[in-house]
Amino acid sequence: MWANVRALWRDSQVHGLELLFDTLLLVLRCLSISYWLRRFFPGADDPRHTVGDNAIDVYCVVQLLALLILLPFGLGPVADSFIASYILFDIYLNLFNIVFIGKMRAINAPPVSIERSILLLFMNVLEVVLAFAIFYRDWLKLSTMDAIFNAVLVLGTIGYPAAADGQFALLVSFQVLLDFILIVLVISSFVGHVGLFRSTTGSGGTSPPNDPLQTDR
């Protein structure tokens, strides 16, 4: 982590508020299981890097399955909320890293597969919906199907849980804010991946090296 922080601070193109925010993102990686997993698998320059990519893909699927299992078989409001909150933290940390750190070649290589990125980003959207469905089920006392339905409605900004009054209105407002951020990050990430992919394949027709950030999401 500290090697990446030093590389970031030596980059003359990053300064001011962006430098502080990017440093925070690198430090927060210490709390992310996906970044810890990368330490145990071959790096981006290793011919066996696909092992690490597949491991992170499995981790993302496990996150999705955990949310799907928690919805009908919850462990209790506190445990469910903690797990769902951590998964949300991991999702947004990775997306912010992709958008803000992904352009720094000294820290991250360019993307290798646009299709893989799209699949993982779609999975992120589904995970956000399921995480808030868990919140709505536990704290608004909705049924599982009603919780999912309302989480989708809030995502599309076309509905609002009727039970969300008083303090729980903040929960819905929080989802609206995170959904807006998610849309911005997904669009920025996709555009950035396409630009990096074209810049690395535009000359010579060779495939770009693996993107460590794609192993995050």
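A few comments on the model shown:
- Residue in segment 103-121 that is modelled with pLDDT of 80 or more, crowded, with 21+ Cβ neighbours inside 10 Å, touching a helix residue (DSSP H, G or I) at 6+ places or on another chain (Cβ under 6 Å) and among the polar types (S, T, N, Q) present: no
- Residue count for segment 67-85, restricted to those that are assigned to a helix (DSSP H, G or I) and surrounded by fewer than 16 Cβ atoms within 10 Å (Cβ to Cβ): 7
- Taking (1) touching a Lys or Arg at 6+ places or on another chain (Cβ under 9 Å); (2) at pLDDT below 75 in turn, Asp45 satisfies each apart from (1).
- Residue in segment 152-168 that is farthest from the chain's Cα centre (by Cα), counting only those that are part of a helix (DSSP H, G or I) and modelled with pLDDT under 80: Gly166
- Residue match in segment 20-42 (condition: of a type outside the set (S, T, N, Q), part of a helix (DSSP H, G or I), more than 17 Å from the chain's Cα centre (by Cα) and modelled with pLDDT under 85): no
The values are calculated or read from the model by the stated rules, or taken from the named source; none is laboratory data. The model shown is predicted, which means the values in this text are computed figures rather than measured ones. Neighbour counts run over all protein chains shown; Cβ positions are idealised from the backbone, glycine included.
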